[in-house]
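Reading through the structure tokens given below for one structure.
The values are calculated or read from the model by the stated rules, or taken from the named source; none is laboratory data. Everything numeric here is computed off the predicted structure, so don't read it as measured data. Cβ coordinates were reconstructed from backbone atoms using ideal geometry, including for glycine residues, and neighbour counts include every protein chain displayed. Side chains included, ligands, DNA and RNA excluded: accessible areas come from the protein's heavy atoms. Shrake-Rupley method; radii C 1.70, N 1.55, O 1.52, S 1.80 Å.
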Amino acid sequence: MDPQETTRLQEAWAAKGSPPCDHPHKEKERLNGMQTGDKVYTTCGKEFWNG
């Protein structure tokens, strides 16, 4: 998932009033095809790093 898509998810989730999310699915974030090391929850767009 690219950062622009992450931002779109976050904006859409905020437009819904930012309800609680149980974070059922996540994807690796990629920038120009390269992994950033971050992961993104595909429902709400929250980013996290597993470091």
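Being free of Cβ contacts under 8 Å to residues at least 12 places away in the same chain, small (G, A, S) and out of contact with any helix residue (DSSP H, G or I) (no Cβ under 9 Å at 6 or more places or on another chain) is a description that does not apply to G37.
Condition check ((1) charged (D, E, K, R); (2) exposed (fewer than 15 other Cβ atoms within 10 Å of the Cβ); (3) modelled with pLDDT of 95 or more) across all residues:
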site	(1), (2), (3)
A14	no, yes, yes
P20	no, yes, yes
L31	no, yes, no
D38	yes, no, no
C44	no, no, yes
W49	no, yes, no
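Results for (1) touching a Phe, Trp or Tyr at 6+ places or on another chain (Cβ under 9 Å); (2) not small (G, A, S), shown as yes or no for each residue.
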residue: P3; (1), (2): no, yes
residue: R8; (1), (2): no, yes
residue: G17; (1), (2): no, no
residue: D22; (1), (2): no, yes
residue: K28; (1), (2): no, yes
residue: G37; (1), (2): yes, no
residue: Y41; (1), (2): yes, yes
residue: W49; (1), (2): no, yes
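The lone criterion from (1) surrounded by 14 or more Cβ atoms within 10 Å (Cβ to Cβ); (2) out of contact with any strand residue (DSSP E or B) (no Cβ under 9 Å at 6 or more places or on another chain); (3) in a helix (DSSP H, G or I) left unmet by T7 is number (1). Confirm whether K26 is open to solvent by 60 Å² or more (accessible area, probe 1.4 Å), at pLDDT 95 or above and not acidic (D, E). The answer is no for K26.
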